[in-house]
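S.K.: Provided herewith is a single structure, encoded as structure tokens, for subsequent inquiry.
Here, each number is a calculation from the coordinates, and none is a lab measurement. From a predicted model like this one, the values you see are computed outputs, not experimental measurements. Cβ placement follows ideal geometry from the backbone for every residue including glycine, while neighbour counts extend to all protein chains displayed.
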Amino acid sequence: MIIQKSTNPRISTFDPQNFSFGTTFIDHMIICEYENGKWGEIQLIPYGPIGFTPAMMGVNYGQACFEGMKAYKDADGQVFLFRPEKNFERINKSAKRLAIPEISEEMFMGGLKALVDIDREWIPQGEGMSLYIRPVLFATEEALKARIASKFMFAIVATPANSYYTAPVSVKISDHYSRAANGGVGATKAAGNYGASFYPTQMAMEEGYDQIIWTDDCSHEYFEESGTMNVFVRINDTIYTPKTSDKILDGVTRDSFLKIARRKGIDVVVGNVKVSDVIDAQRNGTLKEVWGVGTAVVTSIFAGLGYQGEHLELPQLSDEESFAVQLKNDLLNIQTNRAEDPFGWRVLVEENIYSA
Ligand code: COI
């Protein structure tokens, strides 16, 4: 690994009580370039802009994908990654589908650990605090031929994430726009999946909703995802979530919720979640909760659903009654080393790896 430490670190200006998630970046980043059929040496360098032209293929043709993951600091200052091997597997799954050369475990894990280690001071400590890490892979070749690029970059940047209370949101069940199609790229973290969701989301916001529950592109009869998250529904005391497919992202938080729920003895059904069943359950009072899960927000609890012009209220449960809150707390306790880790999910980031 080539290491170039920042000569102008900004850490002394970082206020963990007052910063903005997603726009504050740690002092360093990882980059690695692919050229002549192979990945070069991984570099740990100061965070900052890198020059490209508007003819860069990643921008023109969207050959780009990313990951979202977090590092947590426990009460003793130890730093942990959460299930990073899942993100490594998934970035290569996305890469394969987008015809981007796959990356090695050493590039991903080695780069990740070195970056988190060198900038560990940037990880805020305390309730709901973490470092949000964004590995990204994109085509850098300067060419306008519509074909697979021959030059790529793998990079990792990171932004501190704070604990923010997310007020229960109101979501619109889509009966027109779709996020993914059979045979498409919905199961990957293709950058374009997110770009294509912004306009329908803006339309829903103009109608007073915060997010969209994406439904299948053929019939709009089945739940798929919610906003940038996987979706869960609780009817009576059973929780339901759509089965992953080539349209649905295999979310790390989704999988963790399922495993924790099963261990707690909660009834879990992974399969089709039919819009009409959810609406019927709301009408007959058996619909208890609907929520989204993802790395960034962990859990977003829904207060209401909009469907074909009708607004359906959801019950407001106490924290003790809510499965969503219980599962979120159990997960956060594992992530931040406040509870046992029965699944072996935490990965300690040892000190001074970057200088090794
Ligand atoms: C995540 O929760 O990791 C996401 O994918 C959301 C991200 C686009 C901010």
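S.K.: In Å and whole numbers, how far do the C-alpha atoms of the chain stretch along each principal axis, longest first?
M.R.: 62, 52, 34
S.K.: Quick check: residue separation of S163 and M203 times 0.36 nm, minus the Cα distance between them. What number comes out in nm?
M.R.: On the way: separation 40, 0.36 × 40 = 14.40 nm, distance 2.80 nm.
Length gained, S163 through M203: 11.6 nm.
S.K.: Also, I was wondering about something else. What angle, in degrees between 0 and 90 and rounded to the nearest 10, separates the Cα long axis of helix 191-206 from the longest principal axis of the Cα atoms of the chain?
M.R.: Here the helix axis deviates by roughly 40 degrees.
S.K.: For n ≥ 4 DSSP H runs only, could you compute -39500 (n - 2.57) per run for the chain, divide by its residues and tell me the 222 nm figure to the nearest 500?
M.R.: -6500 deg cm²/dmol
S.K.: Within 10 Å, Cβ to Cβ, of I301, how many net charges do the neighbouring residues add up to if Lys/Arg are +1 and Asp/Glu are -1? Kindly include the intermediate steps, with their values, before the conclusion.
M.R.: Working: positive: K328; negative: E289.
Taking every Cβ under 10 Å from that of I301, the sum is 0.
S.K.: Pulled fully out, how much extra length does the chain show between R262 and D175, if you take 0.36 nm times their separation in residues and subtract their Cα-Cα distance?
M.R.: So the chain would gain 28.1 nm between R262 and D175.
S.K.: Under 10 Å, Cα contacts only: if you run a Gaussian network model on the chain, which one of V79, V270, V171 comes out with the highest mean-square fluctuation?
M.R.: Top of the fluctuation ranking is V270.
S.K.: I've got another one for you. What lysines does K243 reach when the alpha-carbon gap must be under 19 Å and sequence neighbours fewer than 8 apart in one chain are set aside?
M.R.: K86, K93, K189, K259, K274
S.K.: Using a Gaussian network model of the chain whose springs link C-alpha atoms within less than 10 Å, name the residue from G292, G306, G77 with the highest mean-square fluctuation.
M.R.: Of the options given, G77 has the highest mean-square fluctuation.
S.K.: For D76 and I45, calculate 0.36 nm times their separation in residues minus their Cα-Cα distance, and state this gained length in nm to one decimal.
M.R.: Contour length minus Cα-Cα distance gives 8.4 nm.
S.K.: Just to be sure I understand the model, the point goes 7 Å from the Cα along the line to the Cβ. What's the resulting S12 to E351 distance in nm?
M.R.: 2.1
S.K.: List the GluC sites (Glu not before Pro) within the range 260-344 that DSSP assigns to loop and that have no more than 10 neighbouring Cβ atoms inside 10 Å.
M.R.: Hits after loop and neighbour filter: E320, E340.
S.K.: Shifting gears a bit: For the range 104-181, divide the Cα radius of gyration by the Kirkwood radius and give the resulting Rg/Rh value with two decimals.
M.R.: 1.13
S.K.: Could I ask something else about it? Angle check, please: helix 84-97 long axis (alpha carbons) against the longest principal axis of the chain (alpha carbons), in degrees 0 to 90, nearest 10.
M.R.: It is inclined by approximately 90 degrees.
S.K.: Please give, to one decimal in nm, the separation of the simple spin-label points placed at R97 and A339, each 7 Å out from Cα toward the Cβ.
M.R.: With each label point 7 Å from Cα toward Cβ, the separation is 3.0 nm.
S.K.: Let me ask another. GluC sites (Glu not before Pro), restricted to the range 16-49: which are DSSP loop and have at most 14 other Cβ atoms within 10 Å?
M.R.: Those that pass, being in a loop and sparsely packed, are E41.
S.K.: I'd like the GluC sites (Glu not before Pro) in the range 94-157 restricted to DSSP loop residues with at most 11 other Cβ atoms within 10 Å, sorted by number.
M.R.: Loop-located and lightly packed - E127.
S.K.: For the range 2-163, place one equal point scatterer on every Cα, skip the solvent, and apply the Debye formula. What is log10 of I(q)/I(0) at q = 0.15, 0.20 Å⁻¹?
M.R.: Summing over Cα pairs of the range 2-163 leads to -0.82, -1.29.
S.K.: If a paramagnetic tag sat 7 Å from the Cα of R134 along the Cα-Cβ line, which residues of the range 177-207 would have the backbone N under 16 Å from that point?
M.R.: Within reach of a label on R134: 189-198.
S.K.: Is there a quick way to get the dipole size of the chain? I mean about its Cα centre, with the Cβ of Lys and Arg at +1 and of Asp and Glu at -1; what is the value in debye to the nearest 20?
M.R.: Values: 34 positive and 46 negative charges, 131 e Å.
Rounded to the nearest 20 debye, it is 620 debye.
S.K.: What order, most packed first, do the peptides 219-232, 325-338, 144-157 have when packing is the mean number of other Cβ atoms within 10 Å of each residue?
M.R.: Order by mean packing, descending: 219-232, 325-338, 144-157.
S.K.: Right, something else. Cα-based Rg of the range 169-316 per 2.2 N^0.38 Å, rounded to two decimals?
M.R.: 0.97
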